[in-house]
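Below you'll find the structure, written out as structure tokens, and then a few comments.
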Amino acid sequence: MPAYPPLYPGQTFQVYGRSVTWTSQHYTPAELSPLLYSSDSLADECLARLDALTPSIPPSPSKGYLSLLLSNPDDPLLTSVLTLPPWVSLPQLVRAQSLLYLHLPAFLTSLTFQSLLGGAAAPRISSVLLQTNGFSPNTTHRRLLQTFQHVLDITSSPEALLPPHGEAFISTLRVRLLHASVRRRILSKPRSASGRTKSGPDDEDNNGDSNAPRIPPISTLHSLATILSFSVAITEMSLPRQGIFLTPQERSDWLALWRYVAHLLGCDHTCLASVALASAMLESIVVSELGPSDDSRRVARNMIAGLSMTSPTYSSEAFLRAQARWLNGAELADGLGIKWDGWYYDGAVAGQCIVLMGVSLFGRLMPGRWWEGLVRKGVGRMMIKEGVGARGGETWERKGYVTDWWGWKGKGGERGDEGKAWRGTLIEWRNLTVLFLTIAGSGKLVWKGVGIVSQILEGLA
């Protein structure tokens, strides 16, 4: 972990290229410790109760925990999420759902390269990902599609979020039970084998003391970090780095949506009450948890390799690395082992940002919800083409620990199709062309402006 100066209100310092001013709303690593050592006990206890209902079946994710839970409406976990909290505003959630489709390409880029790839810089998170085979080169593309499908569920309609039958409500409960299952599997392993190396991150923190408290996988702190990476990290960092700036209302709406998701996941969401509080918590977690490890670099390398030459863009590894460096900053990217590939690819990313800005502006100018409906249809067709548009039931298929737990049909994209590399090259050249035309057009406007000013001055002389 990087060494930071003493943390006190008013202190300003750099964190991976981002200036942070510490306030009373921030949390020191010591203050975050209770969240680090706690987890979703309600979900853990729920698994034990569901196991008792079917003692003849060996515990496994394919057991159908979700079906068992939904068939027991008096279970404490289910009753805790069946009533909407008083702070939930359905009109606000609807606005947040529409926001995704207004800026969809930029949101997807942010989710991929900052929320997920950048999140690998937290060693404890990357360690769990490796233990669950979550982001190996051969599973990365499918895992991203799974994550994307969950986001689509959450933003599909207001009814999808409502208990007890909403699609997003059910899929979020599925994720919650999955996390509890993963946590139980990892904690059931001997302590000396808790990580990919001889000792896991929790053992290193405790100097190998086997009697010290163990940091649970997918702890409350790390669940909260994930929610923050999908909410304020996008609106306050990723989108501005792509030239897209949301209004204060839009930023609050997007955060409110993910606060409700945090509630469904059993995650502490008190810091999500406002953008200011959430941003302070995000910066606190970055200071406390981010510090790329060998596991972090392995996950980042696997993600880049797994996404290269895959549909729908068939991008090269160099272009993917350039996007990762643009959104995460050079310092963090260097820590993750993501090398710089030259100005050509930086220019391609800059041109892409201009394209995304244009798409977002076009969507804002369209009357009504015509653009949103068009994008929704296009996304649906894309997901069906990728083989994940049809659900195969609630079974969690086992691969590694728990990977294909959504039960989707289809392969979800094959890697290494070099015959379609021209598509990625075409996108790069399109972006560079847009960048060149933008620079040329801006230069022409400036030159014309100088000429007009000169004529005015001559007329006054």
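Karplus-derived 3J(HN,Hα) values for the range 362-373, using 6.51 cos²θ - 1.76 cosθ + 1.60 with θ = phi - 60°, are 4, x, 5, 7, 6, x, x, 10, 4, 5, 4, x Hz; glycine and proline are entered as x. Max-minus-min Cα coordinates of the range 38-148 on each principal axis give 46, 40, 26 Å, with the largest extent listed first.
The chymotrypsin sites (Phe, Trp or Tyr not before Pro) of the range 323-375 that DSSP puts in a loop, and whose beta carbon has at most 15 other beta carbons within 10 Å, are 340. Peptides 153-163, 226-236 ranked from most to least packed by the mean count of surrounding Cβ atoms within 10 Å: 226-236, 153-163.
Under the combined filter of DSSP loop state and at most 14 neighbouring Cβ atoms within 10 Å, the range 76-127 retains these chymotrypsin sites (Phe, Trp or Tyr not before Pro): 87.
Read-outs: derived from the displayed coordinates by stated rules, not from any lab. The structure displayed is predicted, hence computed values, not measured ones. In this analysis, Cβ positions are derived from the backbone assuming ideal geometry, glycine residues included, and neighbour counts consider all displayed protein chains.
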